[in-house]
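Structure record follows, encoded as structure tokens.
What follows is calculated from the coordinates using simple rules that are stated; it is not laboratory data. Predicted, not measured: the structure shown is a model, and the values here were computed from it. In this analysis, Cβ positions are derived from the backbone assuming ideal geometry, glycine residues included, and neighbour counts consider all displayed protein chains.
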Amino acid sequence: MVRKGKVVLAYSGGLDTSVAIKWLAGKYNMDVIALTVDIGGVTDVPAIIKKAEKVGAVKAIAVDARETFINDYVFRALQADALYEGQYPLATALGRPLIAKLLVETAQKEGAAAVAHGSTGKGNDQVRFDVSIFALGPGLTIIAPAREWGMTREETIEYAHKHKIPVPVKVSKPYSIDENPWGRSIECGVLEDPWTEPPEDIYAWTKSPDKAPDKPEYIEIGFEKGIPVSLNGKKMDGMELVEKLNVLAGRNGIGRIDHLESRLVGIKSREIYESPAATVLLKAHLALEAMTLSRNQLRFKEKVAGEYADIIYNGLWFSFLRENLDAFIESSQRFVTGTVRAKLIKGNCVIVGRKSPTSLYSFKLATYDRGDIFDQRDSASFIRIYGLPVKIQSQAQVSTGPKQKKKTQK
Ligand code: ARG
């Protein structure tokens, strides 16, 4: 198929997207514009740009989207308490819609009719890219070279050698890694056997809990309306806070997650995550919500959290349902302000204190000591409120009970 014209490719600087530049230019005769989106953790942008041009891109662009990523994506997920299947803080899944958005915007700016991404046909990321691109730029053609070319890992490396594309030494390690400040995702190689313990060399951000310091490290996180705004009493912006916390929690062995997850394409896969900051912040945020939200708000919010995590995981970030839920979440966060104290010790983040100007905790009501203002005699009335349905149900059981249990007797 002859395509020609311009295509904007999401370019990480890694092997697959470098091969994709050559492949798009060779197979489809297209002018490839490489777009590198920095959502945090991209170390050498000039080198990536240089590489894109060397490999054959007609133009290479880099966008700094770090602040947007943390404030508009990560912290929304944090306010929602989103954890996919109760385990995965969704780092990779949160990055994709933002990259897709910038692909669409760049295509519009550059007058390109097509965009491309490096995802394979087996994972969730292809769906996240495709659906997000389709939602924001429905007229754009989407090309996913790695889904089309059908090359194995070895063949991709061979292709790179043939076309003089530098193959990083890291590629010799059989893992597929994706990272941004909300977490590091590691899969493939020995990890594909779900019975095998992950080898120590896959981890880059976390100390092994048994090698972590024996002395606990105490930290304090300040939240304003559900957003972390300070660490140990020092105000800082979101990205700085998350990056600092990755170091603090990581050196105490916190944030290793071994998740056998249900992919949206129907496959079960095993992924290892390192998410030190996310683990601590999600825990601390929940602790503050426990103090500042009513029981009914908490129960309902738990359901929203599950729904929200599924939306992110399944690539539906740019959906009306997500916006609807955001309205609820934003409203729920109005009073989630205060400070949480945590103790980091050998792989564990233990919440040891919380305080809030909007706390619903009342010492005078809770105490068993002097100063108690809760009149325990009032509690005798609960039998009238909660006891009634129980009474009706048990009466119904008594009347139908024997009938159901009756056996034919000789
Ligand atoms: N399983 C995770 C997700 O679907 C991460 C996917 C990318 N993982 C990777 N190692 N490249 O969001």
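For THR206, what is the net charge nearby, where nearby means another residue's Cβ is under 11 Å from its Cβ and Lys, Arg count +1, Asp, Glu -1?
+3
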Using the count of nearby Cβ atoms within 10 Å as a rough guide to exposure, how do ARG251, ARG384, ARG96, ARG354 rank from fewest to most? ARG384, ARG251, ARG354, ARG96
If packing is taken as the average count of other Cβ atoms within 10 Å, what order do 74-87, 197-210 fall into, highest mean first? 74-87, 197-210
Listed peptides 239-250, 364-375 by packing density, highest first (mean Cβ within 10 Å): 239-250, 364-375
Contact order normalised by residue count of the chain, Cα under 8 Å, 6+ apart, percent: 17 percent
Suppose only helical runs count, i.e. DSSP H with n ≥ 4. What mean residue ellipticity at 222 nm does that imply for the chain under -39500 (n - 2.57) per run, divided by all residues and rounded to the nearest 500 deg cm²/dmol? -13000 deg cm²/dmol
Most to least packed among 179-187, 267-275 [average Cβ atoms within 10 Å]: 179-187, 267-275
Only counting other Cβ atoms within 10 Å, I'd like THR339, THR43 sorted with the fewest neighbours first. THR43, THR339
Any lysines whose Cα falls less than 28 Å from that of LYS211, other than same-chain ones fewer than 8 residues away, would be LYS170, LYS173, LYS244, LYS283, LYS343, LYS346
Rounded to two decimals, what is the ratio between the C-alpha radius of gyration of the chain and 2.2 N^0.38 Å? 1.20
Treat each spin label as a single point 7 Å out from the Cα along the C-beta direction, and report the SER379 to HIS163 distance in nm. 7.2 nm
I need the Kirkwood Rh of the stretch 173-220: take the reciprocal of the average 1/r across all distinct C-alpha pairs and report it in angstrom. 12.9 Å
Put a dot 7 Å past each Cα toward the Cβ at TRP149 and THR68; how far apart are the dots in nm? 2.7 nm
Classify the stretch 189-274: rounded, prolate or oblate, from the alpha-carbon gyration tensor (a ≥ b ≥ c, eigenvalue square roots; a/c under 1.5 rounded; otherwise prolate if a/b is larger than b/c)? oblate
Taking every alpha carbon pair in the stretch 204-251 and sorting the distances into 10 angstrom bins from 0 up to the bin holding the longest one, the percent per bin comes out as 24, 47, 26, 3
